[in-house]
Amino acid sequence: MPRFEVRLIAAGKARTLLVDASDADAARAQVSGRGRVLAVRRRPAWSLGRTLSHNERHILFIRLASMLDSRVGLAEGLRRLAASFDGRIRRVAERMADAVEIGDDLPTAMERQPADFPLTVIALVRAGGHGVGTSEALRNAAGFEADLLKPTREFRSGLWVAVAHALLGAVTMILTTHVLTPWLLGTDLFRDARTKVDVEWIVLSSNLSTLVVLLFLGGLASVAFLNIVGRRIAPVAVDRLFRLLPVYRHIAMGLEQYVTFHKLALLIGSGVGMDKALTLTAESAGSGALGGELRQAARAVVVGRPWTDALRSIHPTDRASLAAADSRAEVARTLQALALQQRDLYLLNVGLAQPAMRGVGIVFLGLSGMVLFGLTILPMLQMADQLARQAL
């Protein structure tokens with residue numbers, strides 16, 4: 001969706017808000033009542049500038065949490081941060097302060113800058129506001145990034161390396177088998193030497209290896225398509241399909257389940273009614289299988305049925321543990337333990353998948369090198385051996 005920069009006067013000061021809207025009129029309507037709009041300007045993607053790095057976001061969260069603990073107001077704390085730093089931290093803090101001073105809460109102010117704040121981080125801060133408090137939620141979000149998002153980035157980089165190696169290997173094998181080797185064997189050198197070159201078994205091996213590489217790349221492309229497009233069209237069906245994949249199911253849904261169960265635990269532990277807590281958590285869980293199950297669980301609470309029966313995404317033993325909890329405090333503790341379990345499973349499977357993907361990429365690259373040797377150097381060695389025999 002296009003992003004607009006809205007300049008307005010509110011509380012006697014000029015403010016700047018970033019608004020996602022379909023057009024300028026819709027952006028103006030979103031801030032109506034906040035102040036007198038001066039200008040609405042569409043911002044092209046290339047003008048958004050560099051986003052907050054992980055370290056910069058960590059500094060912003062920790063310092064803002066410390067000021068909130070010292071009874072400094074949220075908007076004032078953001079203004080102090082903007083005055084104390086330069087560059088991206090100053091820019092982000094100023095825009096968040098503008099949003100907070102005209103009515104946004106902290107998670108909403110962060111949502112206005114999605115390039116600077118990942119959705120999972122925003123969800124954690126919003127969840128913490130219902131339970132442990134904003135300052136503790138900011139510290140939890142900072143720790144979440146340090147513990148989980150770094151392995152996520154490493155996994156993605158390893159995946160891209162594997163894809164690059166696989167592509168390079170496939171291209172090398174295809175060009176060697178179907179372009180370079182036929183040209184080499186058709187040269188006058190091989191024809192005049194009347195050399196019988198036996199590389200058919202290498203060609204067959206190359207074709208089979210290329211097929212394996214293409215199947216690997218096709219599988220990755222299918223998963224990427226399901227993640228990007230499939231989850232928009234049929235999110236529940238895609239989530240159910242991912243549950244069948246042994247390792248990837250924890251990678252695909254681990255972070256979402258961790259944040260969802262963590263938020264639900266905070267809501268229940270803070271005294272929010274069970275049906276309302278499930279409904280609020282379902283709203284932030286999205287339209288996938290887990291969100292739908294939480295909505296079914298909320299309806300089950302209203303009609304007096306066991307709400308845990310609706311949670312089909314979690315393991316039966318975890319569902320039994322939730323059903324056995326006989327107080328709100330125990331339910332909250334069980335949900336928090338379930339959230340930590342999902343976090344640990346995510347980290348475990350990411351740790352297993354990342355070196356495996358790199359290893360697969362290296363194997364494919366090695367195969368392409370063997371094919372290149374077998375279809376270029378080996379024919380020359382066979383020709384040299386044939387010429388030596390003819391000379392004797």
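Determine the calculated [θ] at 222 nm for the chain from helices alone, applying -39500 (n - 2.57) to every DSSP H run no shorter than 4 residues and normalising by the residue count; nearest 500 deg cm²/dmol.
Details: 18 runs with 265 residues, N = 392.
Calculated mean residue ellipticity at 222 nm is -22000 deg cm²/dmol.
What do you get for the angle between helix 378-391 and the principal long axis of the chain? Use alpha-carbon atoms, 0 to 90 degrees, nearest ten.
On a 0 to 90 degree scale, this one is about 10.
Would you mind giving the three semi-axes, in whole Å and largest first, of the ellipsoid equivalent to the stretch 81-177 according to its Cα gyration tensor? Working shown, then result.
Values: eigenvalues 315, 55, 27 Å².
With the √(5λ) rule applied to the stretch 81-177, the semi-axes are 40, 17, 12 Å.
Would you mind computing, in nm to one decimal, how far apart the modelled labels at VAL247 and ARG36 are, each placed 7 Å from Cα along Cα→Cβ?
Using points 7 Å along Cα→Cβ, the separation is 6.2 nm.
How large is the accessible surface per residue of the chain, computed with a 1.4 Å probe and reported in Å² as a whole number? Before the final figure, lay out the partial values.
Details: 20040 Å² over 392 residues.
Result: 51 Å² of accessible area for each residue.
Relative contact order of the stretch 3-43, please, whole-number percent, based on alpha carbon pairs below 8 angstrom and at least 6 residues apart.
Details: 70 pairs, mean separation 21.5, N = 41.
That works out to 53 percent.
In square angstrom, rounded to the nearest 10, how much accessible surface does LEU159 have for a 1.4 Å probe?
My reading of the accessible area for LEU159 is about 50 Å².
Tell me, how many Å apart are the Cα centres for the stretch 193-232 and for the stretch 312-333?
Centre-to-centre distance over Cα atoms comes out at 46 Å.
Tally up the carbon and sulfur contribution to the accessible surface of the stretch 52-117 as a whole percent, 1.4 Å probe, everything protein left in place. Walk me through the intermediate numbers first.
Working: 1270 of 2810 Å².
That share works out to 45 percent.
May I ask for the angle, rounded to the nearest 10°, between helix 119-130 and the longest principal axis of the chain, with both axes built from Cα atoms and the value confined to 0 to 90°?
Value to nearest ten degrees: 20.
Given a 1.4 angstrom probe, I'd like the percentage of the accessible area of the stretch 223-368 that is carbon and sulfur, rounded to a whole number. Before the final figure, lay out the partial values.
Values: 4360 of 6990 Å².
That fraction is 62 percent.
How large is the charge dipole for the chain, taken about the Cα centre, if only the Cβ atoms of Lys, Arg (+1) and Asp, Glu (-1) carry charge, to the nearest 20 debye?
920 debye
Just one of (1) 64; (2) 56; (3) 50 is percent of Cα pairs over 27 Å apart as worked out from the coordinates here. Which one is it?
Given (1) 64; (2) 56; (3) 50, the calculated one carries the label (1).
The values are calculated or read from the model by the stated rules, or taken from the named source; none is laboratory data. From a predicted model like this one, the values you see are computed outputs, not experimental measurements. Heads up, the Cβs are rebuilt from the backbone with ideal geometry, glycines too, and the neighbour counts pull from every protein chain shown. Calculation scope for accessible area: heavy atoms of the full protein, side chains included, ligands and nucleic acids excluded. Shrake-Rupley method; radii C 1.70, N 1.55, O 1.52, S 1.80 Å.
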